[in-house]
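Here's a structure for you.
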Protein chains: 2
Amino acid sequence: MTSGIPTAAISRLVTYLRILEHLEAENVSRTSSNDLAERASVTAFQVRKDLAYFGRFGTRGMGYTVPVLKRELVRVLGLNQTWNVVIVGVGRLGQAIANYPAASDYQFTYVGLFDVNPDLIGQEVRGLTVQHISELPAFARTTRIDMGFLAVPPDRAQDAAQSLADAGVRGILNFAPIVIQPRTHDTDAGPDLSPEWRGVTIENVDFLAGMKRLAFYILNPHLQHIQTEE
Amino acid sequence: MTSGIPTAAISRLVTYLRILEHLEAENVSRTSSNDLAERASVTAFQVRKDLAYFGRFGTRGMGYTVPVLKRELVRVLGLNQTWNVVIVGVGRLGQAIANYPAASDYQFTYVGLFDVNPDLIGQEVRGLTVQHISELPAFARTTRIDMGFLAVPPDRAQDAAQSLADAGVRGILNFAPIVIQPRTHDTDAGPDLSPEWRGVTIENVDFLAGMKRLAFYILNPHLQHIQTEE
């Protein structure tokens, strides 16, 4: 057992935040670890443990104030600051991402759109002109890019990810159904991560994961909403 | 603690399956709980526990045969059978879903597309003609529908979900950033689920979850890839 914060806890924080936003929209002002646990399909112990990684947010026996806990989770997740985003791949999926309604609730700001398709380059999407991916290095010299969203076909994803790393982008959200392999170079001590990939975070969005979970739960309806210690 | 299979275990099965597909694509024939654990950022104990819910797939000390374990997980998740799917909402996101490349690896078959936008109705997308949502009940009488994918704007999602439930659809994958509220009716004993919602599974796809996790890991790069007991 390694000390630290498990990746699953971060995913759950995202879930708690979504629940708090929902409660706030319904003008619910207070919640509890039991209430959050039930809505997130985990145990109350798990909720308290996840939150405890980041501080003390509630009062024992009193639960949590919805807007306060929401604000704290927004801060922990870094969603109270501006994130400059480029989208690589401006087909249907890239355009769906650029136009997704709730993205503007946070400070994700699309600053550039890139593709290789001549039919798309020069077109305007959401107020931005689609540029050829070869323009990315020049663009990155004049505009801060915090994240790149990869919405290209699977056979283009590896090259497009390399373009983002080469341009100095530190975070990649990959929607393509492949695993991005950061470039390595051989050293006397074995393969070593290429400098442009050091410190780069890659998050994968499994576009099909929801379909697969749904198939399982349709087949096993009695297993829904089981809350258990993990 | 309730006995049963936690929802997070099902999410992890989906992750293990994705890893096994990747290994198979790279012609790797054997794996182990340690290997799967490292790739999934969980502990080997967690991998063995998750798999043990569904049977014995490996040989102690020998690990797992990649194609065998993959085939078993496909079976457990119900992905070896055909799923007839309708998409409600055929804007950018609905079209992106209909055309997502890897969906055809499984037997998700799109049988109908529905919208309310007169500009879309009658158009052909992926070989299917977009129909008005009011046609759904008649369509459901002649075609088996296993799942409905909801890709409508947030203010349309609740009504569209109700249309799916009314049409007898048993599983809904909701891409809209709202929580679907199944209809209830009042009884002497309190509110009761309306009959059309009994046994209906709703899975939510948080389209923004990846962006939020990415923000966290860009801010906290030292926390990446920590494996810990949950």
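May I ask you to list pairs of residues, at least six apart or on different chains, whose Cβ atoms are under 7 Å apart, with the first in the stretch B:38-54 being among the acidic types (D, E) and the second being part of a helix (DSSP H, G or I)?
B:D50/B:A9; B:D50/B:R12; B:D50/B:L13
May I pose another question? If I ask for residues that are more than 8 Å from chain A (Cβ to nearest Cβ) and either in a helix (DSSP H, G or I) or in contact (Cβ under 8 Å) with a residue 60 or more places away in the chain (or both), which ones from the stretch B:56-81 would you list?
Answer for the stretch B:56-81, where residues must be more than 8 Å from chain A (Cβ to nearest Cβ) and either in a helix (DSSP H, G or I) or in contact (Cβ under 8 Å) with a residue 60 or more places away in the chain (or both): B:V66, B:P67, B:V68, B:L69, B:K70, B:R71, B:E72, B:L73, B:V74, B:R75.
Among the numbered criteria (1) more than 30 Å from B:S41 (Cβ to Cβ); (2) touching a strand residue (DSSP E or B) at 6+ places or on another chain (Cβ under 7 Å), which single criterion is violated by B:E196?
(2)
Could you grab me the full set of residues in the stretch A:44-68 that are touching a Ser or Thr at 6+ places or on another chain (Cβ under 7 Å) and either loosely packed, with under 14 Cβ neighbours inside 10 Å or not basic (K, R) (or both)?
Selection gives A:A44, A:V47, A:G63, A:Y64, A:T65, A:V66.
Something else about it: Please go through (1) in contact (Cβ under 8 Å) with a residue 12 or more places away in the chain; (2) assigned by TED's automatic domain parsing to the domain that holds B:S29 for B:Q107 and return the number of the only condition it doesn't satisfy.
(2)
Evaluate the stretch A:13-34: report whether one residue or more is assigned to a loop (DSSP other than H, G, I, E, B) and crowded, with 17+ Cβ neighbours inside 10 Å.
Within the stretch A:13-34 (the criterion being assigned to a loop (DSSP other than H, G, I, E, B) and crowded, with 17+ Cβ neighbours inside 10 Å), the answer is no, since none of the residues qualifies.
Taking the condition of being open to solvent by 10 Å² or more (accessible area, probe 1.4 Å), within 17 Å of the chain's Cα centre (by Cα) and either among the hydrophobic types (A, V, I, L, M, F, W, C) or not assigned by TED's automatic domain parsing to the domain that holds A:G112 (or both), how many residues in the stretch A:153-173 meet it?
Adding up the residues that qualify gives 0.
Follow-up question, since we're still on this one. Being touching a helix residue (DSSP H, G or I) at 6+ places or on another chain (Cβ under 6 Å), open to solvent by less than 20 Å² (accessible area, probe 1.4 Å) and part of a helix (DSSP H, G or I) is true for just one of B:I10, B:I97. Which residue is that?
Testing whether each residue is touching a helix residue (DSSP H, G or I) at 6+ places or on another chain (Cβ under 6 Å), open to solvent by less than 20 Å² (accessible area, probe 1.4 Å) and part of a helix (DSSP H, G or I) leaves just B:I10.
Moving on to the next point. So A:E203 clears everything in (1) free of Cβ contacts under 8 Å to residues at least 24 places away in the same chain; (2) within 14 Å of another protein chain (Cβ to nearest Cβ); (3) part of a strand (DSSP E or B); (4) among the charged types (D, E, K, R) except one condition, right? Which one?
(1)
A follow-up question, please. Quick one: which of B:R156, B:R170, B:R144 is touching a residue at least 60 places away in the same chain (Cβ under 8 Å) and over 23 Å from B:A209 (Cα atoms)?
Values: B:R156 fails: over 23 Å from B:A209 (Cα atoms); B:R170 fails: touching a residue at least 60 places away in the same chain (Cβ under 8 Å).
Unique residue meeting the criteria: B:R144.
Is there a residue in the stretch B:110-122 that is facing another protein chain (nearest Cβ under 9 Å), without any contact (Cβ under 8 Å) to a residue 60 or more places away in the chain, surrounded by 17 or more Cβ atoms within 10 Å (Cβ to Cβ) and outside any strand (DSSP E or B)?
no
Which of (1) of a type in the set (D, E); (2) at the interface with chain A (Cβ under 10 Å from one of its Cβ atoms); (3) surrounded by 13 or more Cβ atoms within 10 Å (Cβ to Cβ) is the odd one out, the single condition B:E196 does not satisfy?
All conditions pass for B:E196, except number (2).
Among the residues of the stretch A:210-228, is any assigned to a loop (DSSP other than H, G, I, E, B), at pLDDT 90 or above and either open to solvent by 50 Å² or more (accessible area, probe 1.4 Å) or more than 8 Å from chain B (Cβ to nearest Cβ) (or both)?
No: the stretch A:210-228 contains no residue that is assigned to a loop (DSSP other than H, G, I, E, B), at pLDDT 90 or above and either open to solvent by 50 Å² or more (accessible area, probe 1.4 Å) or more than 8 Å from chain B (Cβ to nearest Cβ) (or both).
Within the stretch B:155-200, track down each residue that is farther than 26 Å from B:V111 by Cβ and either modelled with pLDDT of 90 or more or part of a helix (DSSP H, G or I) (or both).
Once the filter is applied, which keeps residues that are farther than 26 Å from B:V111 by Cβ and either modelled with pLDDT of 90 or more or part of a helix (DSSP H, G or I) (or both), the stretch B:155-200 yields only B:D155.
The values are calculated or read from the model by the stated rules, or taken from the named source; none is laboratory data. All of these numbers come straight from a predicted model, not from anything done at the bench. Because the Cβ atoms are built from the backbone with ideal geometry, glycine has one as well, and the counts that use them run over all protein chains shown. In case anyone asks, the SASA skips ligands and DNA or RNA and just uses the protein heavy atoms, side chains included. Shrake-Rupley method; radii C 1.70, N 1.55, O 1.52, S 1.80 Å.
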